[in-house]
Amino acid sequence: MISLLWRILRTGNLTEPLPRIEPGEREQHAEGEGEIDRLNDEILAILGRALTIREVDAGSCNGCELEIHALNNAYYNLEGRGIKFVASPRHADMLLVTGPVTKNMENALRIAYDCTPDPKLVVAVGDCGCGCGEVGQLFNENYATCGPVENVVAVDVRVPGCPPTPIALMEGILAAVKRR
Ligand code: SF4
């Protein structure tokens, strides 16, 4: 125990100091937070209850997933507002699908879609999932992929970008729930 304490004292703090936030940046942060609050409130005002989302990676490079993961951090605070990601499509109101849909994932995506209770919403995420932009064209239908998400299941809203930002994703989610 004493040797452990001695080691802790000797090692010191190895984490980096927090970056300094300049006054201009602070205002930018505040603006971003205001926009996030507005989007969250609007989504829940329309739904009047929680929204559950099942994310399906149908063949992305994981860049889109990193932005989707960011939605779950404390800054965007989706779960704190009642919008949460679930493990099963049976518990989901919405599928958030990144693509392009590989041949290996085609069947899994169809099954996830069929398992999601009606009225379900599908949001295609990223240029690959929407079939637009340079990467969307690159990964269009070929021997290994079925192309954009809409080639496999019906899509309600497209969120382009490579990858789209968390705010763009929230806008896409809001656009989808407005269609209900
Ligand atoms: S849109 Fe960009 S980030 Fe998203 S899966 Fe395609 S290449 Fe990756």
Tally, over segment 44-80, of residues that are among the charged types (D, E, K, R) and modelled with pLDDT under 80: 1
Qualifying residue in segment 48-63 (condition: in contact with a Phe, Trp or Tyr (Cβ under 8 Å, 6 or more places away or on another chain), charged (D, E, K, R) and closer than 27 Å to Lys120 by Cβ): yes
Close pairs from segment 88-112: first within 17 Å of Val135 (Cβ to Cβ), partner assigned to a strand (DSSP E or B) and aliphatic (A, V, I, L, M), Cβ under 6 Å, at least 6 apart: Val97/Val56; Val97/Ala124; Thr98/Val125
Members of segment 63-77 found to be in contact (Cβ under 8 Å) with a residue 60 or more places away in the chain and either assigned to a helix (DSSP H, G or I) or within 16 Å of the ligand (Cβ to nearest atom) (or both), listed by number: Gly63, Cys64, Leu66, Glu67, Ile68, Ala70, Leu71
Count - residues of segment 107-137 that are modelled with pLDDT of 90 or more and either within 16 Å of the ligand (Cβ to nearest atom) or among the aromatic types (Phe, Trp, Tyr) (or both): 10
Residue within segment 160-174 that is touching a Phe, Trp or Tyr at 6+ places or on another chain (Cβ under 9 Å), within 14 Å of the ligand (Cβ to nearest atom) and among the β-branched types (Val, Ile, Thr) present: no
Long-range neighbours under 8 Å by Cβ, at least six apart or interchain, first residue at negative phi within segment 162-178, second modelled with pLDDT of 90 or more and among the basic types (Lys, Arg): Gly172/Arg158
Among the residues listed as Glu16, Glu55, the single one being out of contact with any Gly (no Cβ under 8 Å at 6 or more places or on another chain), touching a residue at least 24 places away in the same chain (Cβ under 8 Å) and of a type in the set (Asp, Glu): Glu55
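State whether the residues of segment 115-126 include one that is within 18 Å of Leu44 (Cβ to Cβ) and charged (D, E, K, R). It would help to see each step written out before you state the result.
Of the residues in segment 115-126, the ones within 18 Å of Leu44 (Cβ to Cβ) are 119, 121, 123.
Now drop any that are not charged (D, E, K, R), which leaves none.
Within segment 115-126 (the criterion being within 18 Å of Leu44 (Cβ to Cβ) and charged (D, E, K, R)), the answer is no, since none of the residues qualifies.
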Residues being surrounded by fewer than 17 Cβ atoms within 10 Å (Cβ to Cβ) and either part of a loop (DSSP other than H, G, I, E, B) or within 13 Å of the ligand (Cβ to nearest atom) (or both) - total across segment 43-62: 5
Residue check, His91 within 14 Å of the ligand (Cβ to nearest atom) and either closer than 15 Å to Glu150 by Cα or at pLDDT 85 or above (or both): no
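The values are calculated or read from the model by the stated rules, or taken from the named source; none is laboratory data. Note that the coordinates shown come from a computational prediction; the quantities given were computed from them, not determined experimentally. All Cβ positions, even for glycine, are placed from backbone atoms using ideal geometry, and neighbour counts span all protein chains on display.
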